[in-house]
Amino acid sequence: MRKLVKTGLTHAVLLSGLLATQFALAQDKTVKDGVFTAAQVSSGQVVYDNSCKTCHNMRFYRDTLKSWDKQPLVFLWETIMGTMPADNPGSLALADYTNVIAYILSENGFPAGEETLDPDNGMADISIIAP
């Protein structure tokens, strides 16, 4: 019985160490790591031109990104989704909000990559870095 407890405890310690390592690695991912695709940028530009550009220029978004420095990207996505467009918040498709984020990041010098930006899959683990 004592051996089972010791073995179980060893496994628990190893598992918690593994989870802590995975959490630390996830937290190290930033908008500098190619977290969206070029296709999302293209789609996001269309949405931005039609729904965002009349009120917000890229300087606005540069300042916005600075104010969200070191915060999870999903927080910014949720804020934009819940408040924009100002005359009809939440009226865009979820993919449109995500693609606009990709476009904003691209326009602020962050690179596209092979990974698709997805609020339901990993966006909470991506930190914003001020441009």
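Given the criteria modelled with pLDDT under 95 and of a type in the set (A, V, I, L, M, F, W, C), does Met58 qualify? Walk me through how you get there before you give the answer.
Details: modelled with pLDDT under 95: yes; of a type in the set (A, V, I, L, M, F, W, C): yes.
Criteria met by Met58.
How many residues does the range 25-41 hold that are assigned to a helix (DSSP H, G or I) and either at pLDDT below 50 or touching a helix residue (DSSP H, G or I) at 6+ places or on another chain (Cβ under 9 Å) (or both)? Even if it seems obvious, please write down each step before you answer.
Here is the first cut: in the range 25-41, the residues assigned to a helix (DSSP H, G or I) are 25-27, 31-33, 38-41.
Those left that are additionally either at pLDDT below 50 or touching a helix residue (DSSP H, G or I) at 6+ places or on another chain (Cβ under 9 Å) (or both): 25-27, 31, 38-41.
Counting residues in the range 25-41 that are assigned to a helix (DSSP H, G or I) and either at pLDDT below 50 or touching a helix residue (DSSP H, G or I) at 6+ places or on another chain (Cβ under 9 Å) (or both) gives 8.
Might you let me know whether the range 52-67 holds any residue that is of a type in the set (Asp, Glu) and within 12 Å of the chain's Cα centre (by Cα)? Step through it out loud before you land on a result.
From the range 52-67, those of a type in the set (Asp, Glu) are 63; that's our starting set.
With within 12 Å of the chain's Cα centre (by Cα) added as a condition, the list becomes none.
No, the conditions are met nowhere in the range 52-67.
Taking Gln22 as the residue in question, decide whether it is polar (S, T, N, Q) and either assigned to a loop (DSSP other than H, G, I, E, B) or modelled with pLDDT of 95 or more (or both). Quick ask: steps written out before the conclusion?
Details: polar (S, T, N, Q): yes; either assigned to a loop (DSSP other than H, G, I, E, B) or modelled with pLDDT of 95 or more (or both): no.
Answer is no for this residue.
The values are calculated or read from the model by the stated rules, or taken from the named source; none is laboratory data. Source: prediction; values computed, not measured. Note that each Cβ is placed from the backbone with ideal geometry, even for glycine, and that neighbours are counted across all protein chains shown.
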